[in-house]
Structure formats: C-alpha cells, structure tokens
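Reading through the structure tokens given below for one structure.
The values are calculated or read from the model by the stated rules, or taken from the named source; none is laboratory data. Not measured: the values here are computed from a predicted model. We place every Cβ from the backbone using ideal geometry, glycine too, and count neighbours over all the protein chains shown. SASA here: full protein model, heavy atoms, side chains in, ligands and nucleic acids out. Shrake-Rupley method; radii C 1.70, N 1.55, O 1.52, S 1.80 Å.
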Amino acid sequence: MTNLVLFGPPGAGKGTQADILKEKYQLVHISTGDVFRYNIKNQTGLGLTAKSFIDKGQLVPDEVTINMLNAEVEKNPEAKGFIFDGFPRTEKQADALAESLKAKGTEVKAMIALEVEDEVLVKRLLERGKTSGRKDDADEAVIRNRITVYYEETAILKEYYKKQDKYYGVDGVGSVEEITDRISNVIDKL
C-alpha cells in the first residue's frame with residue numbers, strides 16, 4: 001500500500017494536489033476537515049463528541065480524531081493506499097496512525113510537504129478569499145496566524161518523519177502540473 005501524509009501550510013495547494021494524486025495512484029483521500037464536517041453534519045456519535053469541543057472553542061482530543069480517521073480507513077478495505085491530509089498533527093496522532101496501519105500490515109511511506117514562502121501563501125489565500133466565501137481567507141491577520149500555527153504544530157512532525165527517513169519537502173510554487181510532477185517523482189521512487 002502507498003500511504004502518504006500530505007502536508008503544507010494553508011494555501012499551499014494540498015487539496016488540489018490530493019485530488020490529482022488520488023486519481024493518478026488510485027488512493028483514497030482522507031481530509032480531516034471533510035471527515036469532521038461529514039460526522040458533525042450526520043450527527044454520528046463521534047461527530048457529536050467533536051462538535052461539543054468545537055462549540056467550546058477547544059481542540060478535538062486526539063482519541064476522537066484518531067477514531068474518526070480509523071473509521072474512514074475501515075470503510076475502504078480494498079484501497080491501494082491513502083493520502084492523509086491534515087492528519088496527523090501531533091506526535092501522538094502520528095504514533096496512533098502508525099499503530100493502526102501496522103495492524104493492517106502497512107505503514108506511512110512518506111510525508112510530503114509542499115513548501116511555499118509565506119508571502120506567496122498570503123497572496124494566494126487573499127485571492128481565494130475573494131471567491132471562496134471563507135471568512136478565514138479574507139483577513140490577512142487571520143491568514144498570517146493560521147500560517148504561524150501551522151509551522152508551530154508541524155515542526156515536530158517534520159522531525160518525527162525525518163528520523164524515519166520519510167520526510168520529503170517539495171517546492172509548492174509553479175503550475176499545478178509542475179508541482180504534481182515534483183510530488184510524483186517522490187512517490188514513484190518509494
């Protein structure tokens with residue numbers, strides 16, 4: 001199985017690349033945000049638990065997040081692999097993902113991080129904010145804070161996967177096709 005952790009700051013193009021890569025390599029794309037929204041909208045037990053934390057402005061505990069993602073993996077027993085987008089965010093989540101995949105006789109093959117300069121990200125997000133309707137893409141201060149939080153959260157995971165020789169930084173600037181080619185060069189060598 002080809003299991004990838006796709007990383008990158010807000011506006012790096014993770015969603016765009018995940019959509020292309022899932023088709024190209026026949027992988028299942030699991031976006032934490034999508035999984036949360038689905039579970040909350042459909043009022044699943046895990047969704048209601050997550051919502052109770054979100055409504056209080058708190059982070060959803062690792063156990064709840066891990067259980068939701070495990071449920072998504074279980075829904076796809078025939079998958080050739082997964083692209084995890086927005087997960088793991090902590091070392092505890094990375095360990096839980098490793099355990100879960102190990103139980104299925106597989107592992108994370110690579111963490112691929114799209115690397116884009118902050119000023120490019122800010123410009124991209126402000127542009128996206130004009131058409132997306134997302135409030136968090138319209139305010140430069142909010143955007144800069146999201147980027148800062150991303151670096152604070154993910155620095156630990158960069159080291160976590162570097163220690164396992166599974167970290168690959170990829171230049172996230174250029175055309176969609178150029179970036180896809182750079183990511184594919186990494187995947188094809190795994």
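Under the rule of -39500 (n - 2.57) per DSSP H run of 4 or more residues, summed and divided by the residues of the chain, what mean residue ellipticity at 222 nm is obtained, to the nearest 500 deg cm²/dmol?
-18500 deg cm²/dmol
Expressed as a whole percentage, what fraction of the accessible surface of the chain belongs to carbon and sulfur atoms when a 1.4 Å probe is rolled over the protein heavy atoms? Can you show the working numbers first?
On the way: 5300 of 10370 Å².
Summing carbon and sulfur atoms, their accessible area is 51 percent of the total for the chain.
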The stretch 128-144 - phi-based ³J(HN,Hα) in whole Hz, Karplus 6.51/-1.76/1.60, Gly and Pro as x: 4, x, 5, 10, 7, x, 7, 4, 6, 9, 9, 10, 4, 5, 5, 4, 4
Hz values of 3J(HN,Hα) by residue in the stretch 23-34 - Karplus curve (6.51, -1.76, 1.60), Gly and Pro given as x: 6, 4, 10, 6, 9, 9, 8, 10, 9, 3, x, 5
Whole-Hz ³J(HN,Hα) from phi, Karplus 6.51 cos²θ - 1.76 cosθ + 1.60, for the stretch 176-190, glycine and proline x: 4, 5, 4, 5, 4, 4, 4, 5, 4, 4, 5, 4, 5, 8, 6
Packing-based order for 120-130, 5-15, using average beta carbon neighbours within 10 Å, highest first: 5-15, 120-130
Listed peptides 181-187, 62-68, 107-113 by packing density, highest first (mean Cβ within 10 Å): 107-113, 62-68, 181-187
Solvent-accessible area per residue for the chain (1.4 angstrom probe, square angstrom): 55 Å²
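Full-extension gain between Ala98 and Lys135, please, as 0.36 nm times their residue separation minus the C-alpha to C-alpha distance. Mind dumping the intermediate values first?
On the way: separation 37, 0.36 × 37 = 13.32 nm, distance 3.46 nm.
Going from the current span to full extension adds 9.9 nm.
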Whole-percent pair-distance distribution, where bins are 10 Å wide, for the alpha carbons of the stretch 96-156: 19, 35, 23, 21, 3
Sequence-distant residues sharing a close amide H with Phe7 (under 5 Å, placed H): Ile112, Ala113, Leu114
Set of lysines near Lys166 by C-alpha distance (under 28 Å), chain-local residues within fewer than 8 positions excluded: Lys14, Lys22, Lys24, Lys75, Lys80, Lys92, Lys102, Lys104, Lys109, Lys158, Lys189
Residues of the stretch 87-119 with amide N under 14 Å of a point placed 7 Å along Cα→Cβ from Met1: 96-110
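Give me the mean projected area, in nm² to one decimal, of the convex hull enclosing the Cα positions of the chain.
Working: hull surface 43.1 nm².
With every direction weighted equally, the projected area is 10.8 nm².
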